[in-house]
Structure formats: C-alpha cells, structure tokens
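One structure is given below, encoded as structure tokens.
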Amino acid sequence: MVDELTQESFQTGKAIVTVSVELIQSIAEACRKSEQVNPNMTNEQKDNVLNKVVDFVSSNYKETHGSLKAFNKDGMDIAHLDVTDERTADIIKDICKKSHIPVDMKETPRADGKNSFVAFCEVKNVDQLTAILKMASEQVLEEQKAITKEVVLFNEEEKPIFSQEFVRDTDIDYLKLEEASLKGVRMEIKDSQGNVLDKDDIVQGEDIKGKVKEKAEKLNPKKKKSLSETIKAKKELAKKKDKNRQREKTKQKSKNQSR
C-alpha cells in the first residue's frame, strides 16, 4: 500500500507521513508528566497542554512526499521512548480508518523478539496529521491514566510524607521513598480512582524499598499477547488436545484387544 500511496501522491500532491508508536507515546507521556507537576489543572488547561505539544510536533513535519522527518527534539521535554506497543498501533490504525485516511501499518521484528510499529498515513494537509496525533495521544493518555497507581507513605499523624504515581514498579523513585520511610509508619497503594489496592504497616528498620517493590510488581500491567502469540498458543493447545485424543484411542484399542 505504501507504494500505491507514493504513486498517488505524485499525481495528487497529497503527502505521506509516518506516525510512530514512539511519537504518540512521547506526546502522551509529556502530557502525563505535566499533569503530575500541576495536579490542579482544569480540563481546559490539560487540553491546551496537549494542543501545544501536538502543534509543535506537527509543525516539524514537512508537507511534501518522501519526508519521513520525525519531530525536532531540541529544547523539548518529550523523550523519544524506545517502546513496543501493539495497542497504540491499533489505536492509530482505528483513528485513521474512522477519519477515512488511508493507512498502512508496518510491523518490524526487533532483536529482542518484540515488534516495532510505524503507520504510513496519507494526509491532505497538516491539519489532518495534527488531528491524528491529538486523537491518538488523547486515547493513549486516558488508557495510561486508567492503569496508573499511586504509592503513599504516612507518618504518625496520618499525614502523607511521600507520594508518587506509577504504572510499573520501575517508575517509583526508591531513593526518595527510602528517605521518607524513616518517618513513615504506614503505606498504601491506590488505583486511579482512589481505591486502596494494598496497604501495610511499616516496621522501623525493615526493607521498605523491597516491600513496596514487591507489592508494586504484583500490580504491574499484564502484557497483552500479540495476535501471532495468540495464534501460536491456540495451535499448541490444538496439538496437545489431538495428542490426548490419539492417546485415548490407543488406550481404548489396547483394552478392546485384551478382551
């Protein structure tokens, strides 16, 4: 499809751009960090932050065929994350289809056994590109928020002395947590809705880092199987069932012959 879009772009002047999973993840991550720093932001302020980041990114794309230029990172607080996320790739694909924008999703195997994803989109103008980036980033941001937890340490007066949001246990700043734990007597881990997922008392001198890490690891998002992994698992299950059937047939045949 990429070749077809290339040929058409010469005839119509339409542009082909690439939207990487890393790009969408980076935009969402920048917005999430901004909200963490400013937790009292209104919805309008949050939308303004998202618009500002997306506009900066889209302004660094060229509206000409053949440009696979990524956004300019100089001076930006957006990190180009090296992530593999099939779910984000699906979001980009769905948004393009709903917006009637031709898209071709390229899946490339990596050395670590995972895959990276890049969407080749045919856009008529930079506004369409901006819309794709914004809608995809909004959805990724909402899904990230849904799986975001918070660890909180309390002192004897039941006042929080340490709190940090995290998605995976590796997001937690354990150095600061250990410093705060010297005065901590209790810890809680809450979900994005404020519901307590786990809590425990802190005994003076115990390994609070190890305790929190163990609890946080149990709450890590479960890795969703890719389509290829799901198909492989189903084939292996079918083979196992077939072997069991053959084994039962052999047993039954042996019983019949011995009678």
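The values are calculated or read from the model by the stated rules, or taken from the named source; none is laboratory data. These numbers come from a predicted model, not from an experiment. Note that we place each Cβ from the backbone using ideal geometry, even for glycine, and neighbour counts take in every protein chain shown.
Per-structure values
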| item | result |
| --- | --- |
| Residue, surrounded by the fewest Cβ atoms within 10 Å (Cβ to Cβ), within region 90-136, restricted to residues that are in contact with a strand residue (DSSP E or B) (Cβ under 9 Å, 6 or more places away or on another chain), of a type outside the set (A, V, I, L, M, F, W, C) and in a helix (DSSP H, G or I) | Lys97 |
| Region 30-50, residues that are buried (at least 16 other Cβ atoms within 10 Å of the Cβ) and touching a residue at least 60 places away in the same chain (Cβ under 8 Å) | Cys31, Arg32, Leu50 |
| Residue ID - farthest from Lys213 (Cα to Cα), chosen from residues in region 145-168 that are hydrophobic (A, V, I, L, M, F, W, C) and within 24 Å of the chain's Cα centre (by Cα) | Ala146 |
| Restricting region 137-193 to residues that are within 30 Å of Leu50 (Cβ to Cβ) and hydroxyl-bearing (Ser, Thr, Tyr), the residue that is surrounded by the fewest Cβ atoms within 10 Å (Cβ to Cβ) | Thr170 |
| Test set (1) assigned to a loop (DSSP other than H, G, I, E, B); (2) touching a strand residue (DSSP E or B) at 6+ places or on another chain (Cβ under 6 Å) - Glu188 fails condition number | (1) |
| Some residue of region 40-61 being in a loop (DSSP other than H, G, I, E, B), touching a strand residue (DSSP E or B) at 6+ places or on another chain (Cβ under 8 Å) and modelled with pLDDT of 80 or more | no |
| Tally, over region 191-215, of residues that are within 23 Å of the chain's Cα centre (by Cα) and part of a helix (DSSP H, G or I) | 4 |
| Members of region 145-182 found to be of a type outside the set (A, V, I, L, M, F, W, C), more than 17 Å from Glu206 (Cβ to Cβ) and part of a loop (DSSP other than H, G, I, E, B), listed by number | Thr148, Glu157, Glu158, Lys159, Arg168, Asp173 |
| Scan of region 22-49 for residues that are under 13 Å from Thr88 (Cα atoms) and of a type in the set (Ser, Thr, Tyr), ordered by number | Ser26 |
